[in-house]
Every structure is written in structure tokens, then in C-alpha cells.
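Below is one structure; the comments refer to it alone.
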Amino acid sequence: MTTQPSPTGADRATSAIVLRTDATASIGVGHAMRLLALAQEFIARGRSVHLAGELALDWVERSYRDAGVTLHTRPDDPAALGDLADRLAASFVVIDGYDFGPSWGAHLRRHGLPVTAMVDGRFGADQDADLYVDQNPGATPRKVEAGRQALAGAPYTLFRDDVLALRKEVAGRARPGARERLSVLAVFGGSDPMGAAPLVAPIVLQAAAAAGVGMDLTVVTPDDAWAAPLREDLPVDVTLTTTGPVTDLAARAARSDLVVTASGSSVWELLCLGVPTAVVCVIDNQRLGYDMVIEADLALGVGHLDELHAVGTSREDATRRLASALGDPLAREARAQRGRELLDGDGRRRVADAIEALRR
């Protein structure tokens, strides 16, 4: 930070927003993708949006550049982020990530910058912020000190432009009958950081055989070496295709009859679209979201990844549940419709309104 007194929120120009997050193969892309939705909302409002962070995956970086976001190198400490915000005369900063300690928000707030923290239950909730946003449906607002705000639940879930544009298309498409060939997509994050695909794909194939349905299964995976043995022994009338990370995931999901996915932020996109979904909890910070969608019967629960590693009851139960879903189009569509009704797609407007209302 400069040694000169920092401008207050009221003194700053009202055009610039700074986002602080990262997207790497190890941490995944969920934080970056939901902030991209927020960036698109602010850009539509005429604001300039800046991302300070590491976007190690080319397709994520392209998505931000295509949206009109200006990218900056990752700041190593709160002071570096504060310096960037000062140079841009930024109005607000949004922080999204679990590894940023409260010193980041505290530093920015001391210098007159209103801070918004994206959180997932207790993950990221130790940040020092003016506004806390938990976009997970079923979440409840955390208790905060006087002068701070907390938003939580389905009204505040963030969706990108491509997801919102596809809502009408999915609602109007023809649905497959019980005996028709199914298109199934399996994706476990932009980089599958927990290695779920090699474990879950065989379960999906076994479920198709048990249900006696034809199926074209596409699996998004950074490394498909595991798929070769499976292709040698596929069930009758089943195909297996693998692909690397894709930029048109929402469009692919919209064309699918079932998406099997990790229970992270992508689940909310699928529910907003009205796509039948089956979820796998691949890491602890997804447990709340996994439990919520299962309890509300918005998606089929496949199981927890750590339990599916062992051959036994958990995998057998997962196969049975998936087989039931593959063979019952009415149940798939009923869950999808409930999800679509819960998530109206207007969360990013509400969150952006709340951020713009912050004054310090």
C-alpha cells in the first residue's frame, strides 16, 4: 500500500471491481466459475472487472478474457492486492477461496475497501469481510457482527451467462422414453482433482447393464488411460467416450439425459437448467451440498467417494441406485423440475445489488 491515506469507499470511483481467486488442477475451478458469473453481471452493469489470481487452466483463463475481465498476476499477500485495488481506484473486492486468512480482508477493510467473502458453510468463513455470501441452496445466513451482512441459500446462487441462456432450451426439449437410448455425461470438476472419474465411470457402466438400457457415456477427464480396459468389456449397446476439460460444459449437460457429477457448485448449474442429475460427494467441503440435494430429492445420491473406493456394499448400492435412475425417466424428470423451480437464475443480480450497496 502507498503511504498516503487510502481513499474511503465513498471517495473511490464507482467503476472497478477486483476479484481474488485461483483455479488450478489441485484446487479445481469452482471458485473461479462462480466468480465469472458475478463478473458477467457487473460487466453488464457497465463496471470494469479485474481478476487477481492464478488461472492455471487455459480454458478458464479464456473464459475470463472472453467475458471482458482484465487479468492480473496473483498477489502474494494482502498488501499487494491492496496496491492493485488502489491503482485501479476499485470500489469493492470479492475474495473467494479457503486458504486466504482473515488478514486479507482485514487489510483491505482498514484502507476503506468494502470486502465480500464467498463462503461454503464453515469453509472460507473466517475471512474478515463486510458481506458474506454462501450461495449453496439450503445454507442459512451465518451470524455476523453489527454492521456486517450475510446472505445464504438458493436466492443467491450465481450462474454464468451460458447457463442462463440454456434454461429455455432445456425446458422445451423432448424427453426420452423408458426404452430409448440415453446420453449420460460424467464430470467431476474442471480438472477432476480428486480422481473420481476412473472410480465412478465403471459404476455407471455397471448400472446401465443392470438396467438393460442403451447408453452413450461421455466422461470428462484430464487423463483417460484408465478407460482402455473398460472399452474392452462394455455392456451390450453401451459406448464410452472420454474428453479433456471442455468449455461448453453447460451446453453438453443441457443435451444429456443424466449428468453424474461431483456435488460442488456445478450441481447448482445443472439444477438451474433442469437437467436430471446424480451426485457424488468427492471432498469434505461438498458434504453439506450433497446432503441438501439428497434430502430435498433434487438429485440422485451416488455416494461418498471415499466409501466407493472399497468393493462392497457402498458400490453395490450406488450401482443399484443409478440403475433405477437410468430405467425411470419420470423420476429423473421430477427431480430435475424440482431443482429448476428452486433455482430461478437471478441470484447474481441479488448478490451484485448487495455488493453495490456496501458503503464504508
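Taking only Cα atoms of the stretch 288-347, what ratio of Rg to Rh do you get with Rh as the Kirkwood inverse-distance radius?
Working: Rg = 13.4 Å, Rh = 12.8 Å.
Radius of gyration over Kirkwood radius for the stretch 288-347 works out to 1.05.
Modelled spin-label separation between Asp248 and Leu330, with each label point placed 7 Å from Cα along the Cα-to-Cβ direction: 3.5 nm. Between helix 30-44 and the chain there is an angle of about 60 degrees, using the helix long axis and the longest principal axis of the Cα atoms. With the contact rule set at Cα under 8 Å and sequence spacing of 6 or more, what percent relative contact order holds for the chain? Relative contact order for the chain comes out at 17 percent.
Could you compute Rg(Cα) / (2.2 N^0.38 Å) for the chain, with N its residue count? All intermediate terms of the calculation are to be shown ahead of the outcome.
Numbers: Rg = 21.2 Å, N = 360, 2.2 N^0.38 = 20.6 Å.
Dividing the Cα Rg of the chain by 2.2 N^0.38 Å gives 1.03.
Entry comment: accessible area of the chain is 41 Å² per residue, from protein heavy atoms only and a probe of 1.4 Å.
Across the accessible surface of the chain, with the other protein chains kept in place and a 1.4 Å probe, carbon and sulfur atoms take up 50 percent. For the Cα atoms of the chain, what angle does the longest principal axis make with the long axis of helix 313-326, in degrees from 0 to 90, nearest 10? Relative to the chain, helix 313-326 is tipped by roughly 80 degrees.
Calculated FRET efficiency, Thr239 to Ala146, Cβ-Cβ distance, R0 = 41 Å: about 0.10 to the nearest 0.05.
The Ala25 and Asp126 beta-carbon pair, evaluated with R₀ = 30 Å, returns a calculated FRET efficiency of approximately 0.75.
Rounded to the nearest 500, the helix-only mean residue ellipticity at 222 nm of the chain stands at -11500 deg cm²/dmol, with each DSSP H run of n ≥ 4 adding -39,500 (n - 2.57). Orientation-averaged projection of the stretch 212-355 equals 10.0 nm² [convex hull of Cα atoms, one quarter of hull surface area]. Which angle from 0 to 90°, rounded to the nearest 10, does the C-alpha axis of helix 347-356 make with the longest principal axis of the chain? Compared with the principal axis, the helix lies near 10 degrees.
Suppose R0 equals 51 Å; then what is the FRET efficiency for Lys168 and Asp99 from their Cβ-Cβ distance, rounded to the nearest 0.05?
On the way: r = 38 Å, r/R0 = 0.75.
The calculated FRET efficiency here is 0.85.
The values are calculated or read from the model by the stated rules, or taken from the named source; none is laboratory data. Note that the structure is a prediction, hence the values are computed from the model and not measured. In this analysis, Cβ positions are derived from the backbone assuming ideal geometry, glycine residues included, and neighbour counts consider all displayed protein chains. Note: areas computed on protein heavy atoms with side chains; ligands, DNA, RNA excluded. Shrake-Rupley method; radii C 1.70, N 1.55, O 1.52, S 1.80 Å.
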